[in-house]
Amino acid sequence: MSIGSTTPGAAAAGEQTREQVRPERATRRKKPLSEGKRQERRLGWLLCAPAAFVMVAVTAYPILYSFWLSLQRYDLKFPDEREFVWFENYVTVLGNGYWWSAFGVTMLITVVSVVIELVLGMGLALIMHRTLIGRGLVRTSALIPYGIVTVVAAFSWRYAWTPGTGYLANLVSPEGAPLTERASALAIIIGAEIWKTTPFMALLLMAGLALVPDDLLKAASMDGASAWQRFVRVMLPVMKPAILVALLFRTLDALRVFDNIYVLTAGANNTSSVSMIAYNNLIRGLNLGIGSTMSVLIFLTVAIIAFVFVKLFGTAAPGSDDGSKR
Amino acid sequence: MNAKLKWGLLDAIVVVFALVPVLWIVSLSFKTTATLTDGNFIPRDWTLENYRTIFQTDQFVRALVNSIGIALISTVIAVVLGTMAAYAISRLDFPGKSLLVGVSLLIAMFPQVSLVSPLFDIERQAGLFDTWPGLILPYITFALPLAIYTLSAFFKQIPWDLEKAAKMDGATQAEAFRKVIAPLAAPGVFTTAILVFIFCWNDFLFAISLTSTEQSRTVPVALSFFTGASQFEDPTGAISAAAVVITIPIILFVLFFQKRIVAGLTSGAVKG
Amino acid sequence: MADIVLDKVTKSYPDGTVAVHGIDLEIADGEFIILVGPSGCGKSTTLNMIAGLEDITSGELRIGGQRVNDKAPKDRDIAMVFQSYALYPNMTVRENMAFPLRLAKMDKQLINQKVEEAARVLELTSYLDRKPANLSGGQRQRVAMGRAIVRSPKAFLMDEPLSNLDAKLRVQMRTQVSRLQKQLGTTTVYVTHDQTEAMTLGDRVVVMRAGYIQQVGDPQTLYDSPVNLFVAGFIGSPAMNFLPVTLESGLLRSPLGDLPLSDRLGSVLSAADAPRKLIMGIRPEHFEDARLVEGTDGFTFTAPVDLVESMGSDKYVYLNVDTRGGDTPASTDLAELAADAGGADLPEQNGLVTRLSAESRVREGADARVWLNLDKVHLFDPSTGTNLTLREEVAAG
Ligand SMILES: Nc1ncnc2c1ncn2[C@@H]1O[C@H](COP(=O)(O)OP(=O)(O)O)[C@@H](O)[C@H]1O
Ligand SMILES: [Mg+2]
C-alpha cells in the first residue's frame, strides 16, 4: 500500500523537527522505560486497539482478499468455472473501452467539479467568514446541502431535469431530454456534485481563513495593497495548507462519485464512473473476478493521487503532529 | 449601507442556491398526481396523499426502521471506540500513535467501492450479507476516522489542568472526571455523534451492494426501488415524500446545532 | 492552618528527568513563602508535590506534623491557584467558588453564605452569576483566589497566579494578594519566576535553580548577602554588574582601573585557597557621581557615558566599560543567568549600569567621573560561584 508509507513518514518528519528543538529529549527517550511510561503506553494501546482493529479488519483484509479474487475467473453465475488466471482479468479490464470511458468520465467529473468547487467554495467561505448580516442564516443554509442525503438531492435534480415534470427542463430545454444526452447529462451530474459538496469545501476553507490574522491584512492595506492583492498575496499563501487539505479531501471524494450517477442516469449513455461499472459488474453481473479487478485498480488510482498530493504539494496530514505546528 | 446591501445580496444568493433543490423536492411531495407533471415550482394542488401512501407501504416503513436502527447503532459504537482512541491520541504518548493517525487518514481517503466486491463475498460466506451487522461494520469503519479526528481536535482544546484543580478542590479522580471533564467533553462527543450519524444516514453504495431484501435495506436504497402504490403508478410523488421524510432529521440537526456542526467539521479537518 | 516541612524531597519524572534534588525546607505556620527561580528550575514540581498532584519520589513531606506523602490531594486540605486560573468554564462564578464546598457536602445555606462572603472580600459580588468566559483577566484571577479561600484550607499554593495579567494589574493584584494573606494568616507557598514579585511579597524567599535550593532568606538578606553569583545576578533589578578582576601585586586589576585592597577585601583574598582571577559584583546604586561625594572614601574612575535614563528620583547611567574583557573567567552561573534573561536573543550587554542621584550632571557622549563604594562590592569565585566576601563577613561577625 503505497500511501501507507507516506503518512507515517510525514508524521515522522514532524517528530524530527521537534527533536531538533529539544535534543535532550531524544537522548532521554532511549533510556530504559520507567514504570509510569510503560503504563502510559499500555493504556494508549489498550484504548486504540478496538478502533484500530475494526479499521484494519474491515479494510486491509478485504483489499488483500480483493486482490486475491482479482486473480481468478470467478463469476457467481457460473461458479463451477472458478479458476486461477493470474493477470488475465487485468488484461480484460484494461483492454476494455467501457472501463476507459468510465475512467475518463470519473476524471472529468473530478477535475471539473473540484475546480469549480474551489472557486465557489472560496467565495462562500469569504461570505460566511465576513458577512455583516445574517451569518447564522447563511451558515445554516449552507450546511443543508452538506447534510442532505445524496440520493435525495439526486432525485431532486433528476425531477428538475425530467421533461414535463421539471421546472428546469421546461425552462432550459423544452424540446429535449437533457438527462439522456451524454454531454448534458454529465453537466447535470457535475452540477449536482458541486451543489452537494461546495459547502463542505467552503467550511474547510473557512477554517483556513480564520488563520489569517486580521492585523496582517491591515498591515497589507497600509502598505498599499488592493483588495485583490491582499487576497492573492496575503490570504492565499497563509491559507495554502488549508486549501491543499481541502483539495485532497474533495478530489479523493469526487473520485468515488456513485450516488448521483446511479440516480440521475444509471450510467446510461456512457455516463458511468468507475465506481458505477465496478458495481454493475459485481452486483448486477455477479462477476466477482472482474469486479474485484476494478476495485484494485480504483484503489491504486486513489493511492497514486493521494501520494502525488502528499509528495508534491506537501499536504500535511490533518491530525498528524506537524499539521498543527505550522 | 452600501456594504450591507452588497452582503445582503450575496447572502440571498447563497440561501437560494442552497435551498432551491430542497424546496423543489418538498414541492413535488405535496403535488397531486394530476399536477405532478406540470413543471410548476409551487404546487397548484396541495395534498398529503403521497405521505399517506408511503407510510402505508411496508417497504418504506421497514426501510425507515432499518435506516434509523443501523445509523444509531453504528453511531454509538463508532463514537465510543473513537472517543477511546481520540483520548489516547490527544493525551497519551505511545509508539504507534502516528501510525494510527496515518491509518485512519488512509481510510478516510479509501475508495469505498474497492471494498464492495470483497465485502460482498466475505459477508455472503459469513452470513452477514443482507443483515444489519453487515452494514454496521463498514459504517463503523468509515465513520471512525471522522470520529477520531473530530474528537481529538475537541479533546486537545479541553484545559486538562481543570482535572488537577478539581482534585485540589477535594474531588476524587472519578468525581473530577464526572463533574468537570465530562461536561466539557460532552459537546464534542455530541457533535461527533451528529456528524457520524449524518454519514451513516447518507450512505448509498454499501447499502445497495450489501443488501438484497427489505430485511436490511435502508431508505436511500428503498427510494431507488420505489415503484409507487401500484405497478402502473408514477412513483415520483411517493419518492419525493420519502425523500422529504429522511431529510427532516438532517434539517433539524442543522437548524439546532449549526454552530457545533461547523466547529466539528472545521476542527476535525483542518487544525489551526 | 499548619506548617509544611519538606525533608530531602526528590522528584524524578517517569522519563528520567530529575526535577527536584532532595530539597529541605521548613515553612512556618502562617508564613508567606516564595519559590523563585528561572523557568524549568522545578518550582511547579515542588508545589505539585506539596499539593499531592505529583508523587514524591523520595523524602518526606509533613503538613502540620503529619506525613502526607501518600495522601490524595483532596485529603490534604490545601487549596491551589493555578496560572491559567483553571476555572470551570461550564459553571458560573458562584458555582466555581461553591464547588469545593459542594464536594465537601457542606450545607447549602452555609455554602451560599461563604461564597457571598468571599465574593464580598474580593469584590466579585456583582459577577457571581456570570460564566468565566465573560470576565476580564483580573476578575478571573480573583475568582480563582475566591475558590481557594472559601473553604479556609490549611494552606494556599499559588503557581505564578499573576503572570497572565498585564503589568499594571499585576502590581494591583500583588498588593491585594499580600493583604489577603495577612488578613487570613494562612500558610502560603507562592511560585513565581519574577524576582520583583518575590522581593515585594514574601516573608521569606527561596531561590531555586535546576532542582536545587540556592538560598533561603528574607528579601533584604538575599539582596545584601547573596551566597553565590546566581542569586546575586537573579535578585535585583537592574541586575548586579559583574566585572572580571585579577589579583596582582596587592592590587585588583579591573576594567575600571587598579583597585586598592581595602581591609575587608584584603582579608578575603588572604585566605590560602582564594583564586587569583575573580568576578567582582557591584550593584548599580553603589556608584555615584564623583562630584557629589567629593572626599568620601572609595574609588574614582572615568568612563564615557553611553546613555542616561532619568527616572526623576534618580538616574540610570550606562557607562561604556568593557566588562567582557579578553580574559573573563568562564562561569556557568553567568551563562545561565544570561540565558534566563533571554540573553541569547539580545545583543550582548557590555557595560556598566549605574544608579546616580538626580542631581548628577553627567551627559550622554561625554566622559563622567564616577565614584564606587568599595565597601559594598562582592567578590565571587568564578569556578564555584561562591560569594567570597560573605565568607569573610560570616567569619568577622
Ligand atoms: N511531566 C513531566 N515529565 C517530565 N519532565 C517534566 C514534567 N514536568 C516537568 N518536567 C521537567 O522538570 C523540570 C522542572 O519543571 P517545572 O517544575 O515545571 O519548572 P518551573 O515550574 O520551575 O518552570 C523541567 O526541566 C521540566 O522539563
Ligand atoms: Mg512552572
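Values computed for the structure shown
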{"quantity": "Residue among C:Thr45, C:Thr17, C:Thr92, C:Thr10 that is of a type in the set (Val, Ile, Thr) and within 14 Å of chain A (Cβ to nearest Cβ)", "calculated": "C:Thr17"}
{"quantity": "Criterion (more than 8 Å from every other protein chain (Cβ to nearest Cβ), open to solvent by 10 Å² or more (accessible area, probe 1.4 Å) and not in a loop (DSSP other than H, G, I, E, B)) met by exactly one of A:Asn281, A:Asn270, A:Asn260", "calculated": "A:Asn281"}
{"quantity": "Helices (runs of 4 or more DSSP H) within the stretch B:157-210 that include 1 or more residues at pLDDT below 90 and surrounded by fewer than 18 Cβ atoms within 10 Å (Cβ to Cβ)", "calculated": "B:161-168, B:182-202"}
{"quantity": "Flag for C:Phe234 being within 16 Å of ligand 1 (Cβ to nearest atom), touching a residue at least 12 places away in the same chain (Cβ under 8 Å) and open to solvent by less than 10 Å² (accessible area, probe 1.4 Å)", "calculated": "no"}
{"quantity": "Unique match (being open to solvent by 10 Å² or more (accessible area, probe 1.4 Å), part of a helix (DSSP H, G or I) and of a type in the set (Ser, Thr, Tyr)) among B:Ser90, B:Ser114", "calculated": "B:Ser90"}
{"quantity": "Residue that is farthest from the other protein chains (Cβ to nearest Cβ), among those in the stretch B:17-50 that are in a helix (DSSP H, G or I) and aromatic (Phe, Trp, Tyr)", "calculated": "B:Phe17"}
{"quantity": "Residues of the stretch B:237-256 satisfying the condition of being more than 9 Å from chain A (Cβ to nearest Cβ) and farther than 18 Å from B:Val65 by Cα", "calculated": "B:Gly237, B:Leu252, B:Phe256"}
{"quantity": "Given (1) surrounded by 16 or more Cβ atoms within 10 Å (Cβ to Cβ); (2) in contact (Cβ under 8 Å) with a residue 60 or more places away in the chain, number of the condition A:Thr59 does not satisfy", "calculated": "(2)"}
{"quantity": "Of all residues in the stretch C:46-79 being more than 22 Å from C:Ser152 (Cβ to Cβ) and charged (D, E, K, R), the one that is surrounded by the most Cβ atoms within 10 Å (Cβ to Cβ)", "calculated": "C:Glu54"}
{"quantity": "Residue among C:Gly37, C:Gly65, C:Gly22 that is among the small types (Gly, Ala, Ser), within 25 Å of C:Arg204 (Cβ to Cβ), free of Cβ contacts under 8 Å to residues at least 60 places away in the same chain and more than 14 Å from every other protein chain (Cβ to nearest Cβ)", "calculated": "C:Gly22"}
{"quantity": "Selection status of C:Pro14, within 15 Å of ligand 1 (Cβ to nearest atom), touching a Lys or Arg at 6+ places or on another chain (Cβ under 9 Å), assigned by TED's automatic domain parsing to the domain that holds C:Met158 and in contact (Cβ under 8 Å) with a residue 12 or more places away in the chain", "calculated": "no"}
{"quantity": "Only one of C:Ala104, C:Ala133 that is open to solvent by 30 Å² or more (accessible area, probe 1.4 Å) and under 24 Å from C:Leu169 (Cα atoms)", "calculated": "C:Ala133"}
{"quantity": "Checking A:Thr315 against (1) modelled with pLDDT under 85; (2) surrounded by 20 or more Cβ atoms within 10 Å (Cβ to Cβ); (3) facing chain B (nearest Cβ under 9 Å), the condition it does not meet", "calculated": "(3)"}
{"quantity": "Residue satisfying all of: in the stretch C:171-223; under 30 Å from C:Thr17 (Cβ atoms) and charged (D, E, K, R); farthest from ligand 1 (Cβ to nearest atom) among these", "calculated": "C:Arg204"}
{"quantity": "Candidate set: the stretch A:72-104, residues that are hydrophobic (A, V, I, L, M, F, W, C) and in contact with a helix residue (DSSP H, G or I) (Cβ under 7 Å, 6 or more places away or on another chain); chosen: the one surrounded by the fewest Cβ atoms within 10 Å (Cβ to Cβ)", "calculated": "A:Leu76"}
{"quantity": "Failed condition for B:Val14, given (1) facing chain A (nearest Cβ under 10 Å); (2) in a helix (DSSP H, G or I); (3) over 30 Å from A:Ile133 (Cβ atoms); (4) touching a helix residue (DSSP H, G or I) at 6+ places or on another chain (Cβ under 6 Å)", "calculated": "(3)"}
{"quantity": "Residue among C:Glu26, C:Glu54 that alone is within 16 Å of ligand 1 (Cβ to nearest atom), in the same structural domain as C:Arg179 (by TED's automatic domain parsing) and of a type in the set (Asp, Glu)", "calculated": "C:Glu54"}
{"quantity": "Residue, nearest to the other protein chains (Cβ to nearest Cβ), within the stretch C:49-62, restricted to residues that are without any contact (Cβ under 8 Å) to a residue 60 or more places away in the chain and within 16 Å of ligand 2 (Cβ to nearest atom)", "calculated": "C:Leu53"}
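The values are calculated or read from the model by the stated rules, or taken from the named source; none is laboratory data. Given the structure is predicted, the values throughout are model-derived calculations rather than measurements. Positions of Cβ are backbone-derived with ideal geometry, glycine not excepted, and every protein chain shown enters the neighbour counts. Remember, those area values only see protein heavy atoms, side chains included, never the ligands or the DNA or RNA. Shrake-Rupley method; radii C 1.70, N 1.55, O 1.52, S 1.80 Å.
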